[in-house]
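In what follows, a structure is listed as structure tokens, so that the remarks can point back to it.
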């Protein structure tokens, strides 16, 4: 491939100097210069820069999934917990050690990779038990009206009306745990009995409430009720390490993604926003507290409202100070809005296809986002082979490293699914299964409204400001964390202001983030 008029030795020297780093790193592979792999020119990513976020992009079949597989392994080895979504089922192989083959040995030798087959500590999760894994659920109150509106595909007016319904439930101490709770509240407001309450709300018409109710019934008809309820998943579970010190890889199984793409992407946003709310400020760390891989990232931005996009942009910008790195995985950089793309300092770009004028335009746009280099990037990006990628990352001084076409390292666990038997045994042995395995249906809005058949109490709302855990310094919780909870999750912040007296926790919810289902007064 065409490169600038430099000798091979000069090009290699540029790459070697650019990737000579002081601290611990993720080893990505060996540079390809003038068509040859040079194992003396190793390409790596500083662990301390992982919270500057990143992008793994490339056309279908170019090796993106294997790349995040390989990165997850090394992060785990370094003691960094990892979250990733397993859309095709291939990533369950992280739990099974790979075996060497002649082809694999030849590849690793060409890279200078000391390869040993290993299994990694994996926690299999599933949305509401949809697939293999410990169920991940959220309460309706925790999810909030903004994210719920996205799943229900409500317009701005309907979203505002849903916020009023949440407010009404707040005031009347009607806990919104699952979909039937929200349905019961809306049915009450649209009934003759609730007519006066509906009028008192103001800004909520019976017609709009009826539309929201129909959309809610549609969600239930699609089987989505199992994703909402208790026990609610504590996002702190994503920050665990194994007894041997390796980071636990939380693998969210998504066998029905294609039928519920909006639910998947919005649930991931809930996880991120919830993490942001709970984690204290961390500043610059030697290694991140968690690295979050968002596969099929285009789903997160597809048909997103302006408010939702602003929420994502804000979360990405600020969560790095909490020690969390986010890597977006998608086909082309154009899938990611410019305001988010500009925050992704680490780039692993697999091959792009340029079959149409639109593809060619996207290719030129991608090239323009890379630093000036010795490569003809338009040619390189269309001719890179499977398992090769164009890389530039942020070095320890905050500057971009030289662009390097890289032959990527091979994973040490199975590149493909683990056996069903191993997955089942791993789930059965999970310390999370006793905690989250069985859904519970506590008394909440549905029971209160259907049992009593009368208007709910007009007394004060139940207290909803549980104390900050002892492990969190209240002074380290910035005002932006409160705003994230209030604006992104669309609910009053459960976090007390530093120095203020905290409310006691709800009797059924002892941990701070498992909030009172009646919100703050």
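The values are calculated or read from the model by the stated rules, or taken from the named source; none is laboratory data. Keep in mind the model is a prediction, meaning the values are calculated, not measured. FYI the Cβ positions are ideal-geometry reconstructions off the backbone, even for glycines, and counts take in every protein chain you see.
For the range 29-50, which positions are in contact with a helix residue (DSSP H, G or I) (Cβ under 9 Å, 6 or more places away or on another chain), surrounded by fewer than 24 Cβ atoms within 10 Å (Cβ to Cβ) and not in a strand (DSSP E or B)?
Across the range 29-50, the qualifying residue is only 34.
For the list (1) in contact with a strand residue (DSSP E or B) (Cβ under 9 Å, 6 or more places away or on another chain); (2) crowded, with 21+ Cβ neighbours inside 10 Å, I need the number of the one condition that residue 411 fails.
(1)
Inside the range 61-90, can you point out the residues that are modelled with pLDDT under 95, part of a loop (DSSP other than H, G, I, E, B) and either under 15 Å from the mean Cα position of the chain (by Cα) or within 21 Å of residue 344 (Cα to Cα) (or both)?
62, 63, 87
Name the helices (runs of 4 or more DSSP H) wholly inside the range 312-404 in which the number of residues that are closer than 20 Å to residue 301 by Cα and in the same structural domain as residue 31 (by TED's automatic domain parsing) is 3 or more.
338-341, 357-368
Suppose we filter 143, 168 for residues that are more than 18 Å from residue 266 (Cβ to Cβ) and in contact with a helix residue (DSSP H, G or I) (Cβ under 8 Å, 6 or more places away or on another chain); which single one remains? Break it down stepwise before answering.
Numbers: 143 fails: more than 18 Å from residue 266 (Cβ to Cβ).
Going through 143, 168 in turn, just one is more than 18 Å from residue 266 (Cβ to Cβ) and in contact with a helix residue (DSSP H, G or I) (Cβ under 8 Å, 6 or more places away or on another chain): 168.
For the range 181-191, does any single residue satisfy the condition of being over 23 Å from residue 136 (Cα atoms) and outside any helix (DSSP H, G or I)?
For the range 181-191, residues over 23 Å from residue 136 (Cα atoms) and outside any helix (DSSP H, G or I): present.
Quick check on residue 93: is it surrounded by fewer than 19 Cβ atoms within 10 Å (Cβ to Cβ), in contact with a strand residue (DSSP E or B) (Cβ under 8 Å, 6 or more places away or on another chain) and not in a strand (DSSP E or B)?
no
From the list 234, 192, 178, exactly one residue is surrounded by fewer than 20 Cβ atoms within 10 Å (Cβ to Cβ), in the same structural domain as residue 159 (by TED's automatic domain parsing) and at pLDDT 85 or above. Which is it?
Unique residue meeting the criteria: 192.
Could you tell me which numbered condition residue 107 fails, if it satisfies all but one of (1) under 29 Å from residue 324 (Cβ atoms); (2) in contact with a strand residue (DSSP E or B) (Cβ under 9 Å, 6 or more places away or on another chain); (3) not in a strand (DSSP E or B)?
(1)
Check the range 302-311 and report whether any residue there is in the same structural domain as residue 76 (by TED's automatic domain parsing) and part of a strand (DSSP E or B).
Narrowing the range 302-311 to residues in the same structural domain as residue 76 (by TED's automatic domain parsing): 302-311.
Subset that is part of a strand (DSSP E or B): none.
Scanning the range 302-311, I find no residue that is in the same structural domain as residue 76 (by TED's automatic domain parsing) and part of a strand (DSSP E or B), so the answer is no.
Tell me the residue from 423, 391 that is surrounded by 18 or more Cβ atoms within 10 Å (Cβ to Cβ) and closer than 30 Å to residue 129 by Cβ, please.
Values: 391 fails: closer than 30 Å to residue 129 by Cβ.
The conditions single out 423.
Counting only residues that are within 30 Å of residue 160 (Cβ to Cβ) and surrounded by 19 or more Cβ atoms within 10 Å (Cβ to Cβ), how many does the range 305-321 have?
Counting residues in the range 305-321 that are within 30 Å of residue 160 (Cβ to Cβ) and surrounded by 19 or more Cβ atoms within 10 Å (Cβ to Cβ) gives 6.
Output the number of residues of the range 228-250 satisfying the condition of being closer than 22 Å to residue 142 by Cα and outside any loop (DSSP other than H, G, I, E, B).
Here the count works out to 8.
Since residue 262 meets every condition but one in (1) more than 25 Å from residue 311 (Cβ to Cβ); (2) under 14 Å from the mean Cα position of the chain (by Cα); (3) surrounded by fewer than 22 Cβ atoms within 10 Å (Cβ to Cβ), which condition does it not meet?
Result: residue 262 fails condition (1) only.
When residue 116 is evaluated against the numbered criteria (1) surrounded by fewer than 18 Cβ atoms within 10 Å (Cβ to Cβ); (2) not assigned by TED's automatic domain parsing to the domain that holds residue 253, which criterion, by number, is the only one it fails?
(2) is the only condition that residue 116 fails.
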